[in-house]
1. Can you give me the Cα centroid spacing of region 14-54 and region 68-101 in angstrom?
2. In percent, how large is the relative contact order of the chain, given Cα pairs closer than 8 Å and 6 or more residues apart?
3. How do Y26, Y71 rank by accessible surface area computed with a 1.4 Å probe, from largest to smallest?
4. With +1 on each Lys and Arg Cβ and -1 on each Asp and Glu Cβ, how big is the dipole of region 8-92 about its Cα centre, in debye rounded to the nearest 20?
5. Which Cα, out of A27, Y51, S94, lies furthest along the positive dipole direction of the chain (beta carbon charges, K/R +1, D/E -1)?
6. Cα convex hull of the chain: how many Å³ per residue?
7. If amide H atoms are built 1.01 Å from N in the plane of the peptide, which residues on other chains or at least 5 residues away come under 5 Å of the amide H of A38?
8. Under the Karplus relation 6.51 cos²θ - 1.76 cosθ + 1.60, θ = phi - 60°, what is the ordered set of whole-Hz ³J(HN,Hα) values for region 81-96, x standing for Gly and Pro?
Amino acid sequence: MTKTLLAEFTAREGTEDEVARLIGDYALKVREEEGNLAFDVYTKTAEPRAYWIFEVYRDEDAFQAHLNAPYGAPFNAALIPLIEEDASVLTFLSPCAPSRA
């Protein structure tokens, strides 16, 4: 079963460009992971400092491989001082209707 989640965080005022660069570079790496099916980065239209990242992994093993990727910890360490939250807020999602795939 796929592992799907939404990661949320808000860039501090004045850090928008650095956060955009960091998440852009990170997204390129995550999308290359064998078990990654989606890593889509959004900002809220009405609040462009607020990020929503929709992530889908093939299964729990693929998600664990993502968590253990060597670029994950450095990304998070660089991101933490640039965002309002203590860390990205993760919400795990479950499908409520059969997929069309």
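The values are calculated or read from the model by the stated rules, or taken from the named source; none is laboratory data. In this text the structure is predicted, and so the values were computed from the model without any measurement. All Cβ positions, even for glycine, are placed from backbone atoms using ideal geometry, and neighbour counts span all protein chains on display. Side chains are part of the model used for accessible areas, which takes the heavy atoms of the whole protein and leaves out ligands, DNA and RNA. Shrake-Rupley method; radii C 1.70, N 1.55, O 1.52, S 1.80 Å.
1. 10
2. After rounding, I find 43 percent.
3. Largest accessible area first, the residues go Y71, Y26.
4. I would put it at about 140 debye.
5. Sorting the options by dipole projection puts first S94.
6. 110
7. Residues meeting the criterion, in which the H sits 1.01 Å from N, are V56.
8. Once rounded to whole Hz, the list reads x, 9, 10, 6, 7, 5, 6, 4, 8, 9, 10, 8, 10, 10, x, 10.
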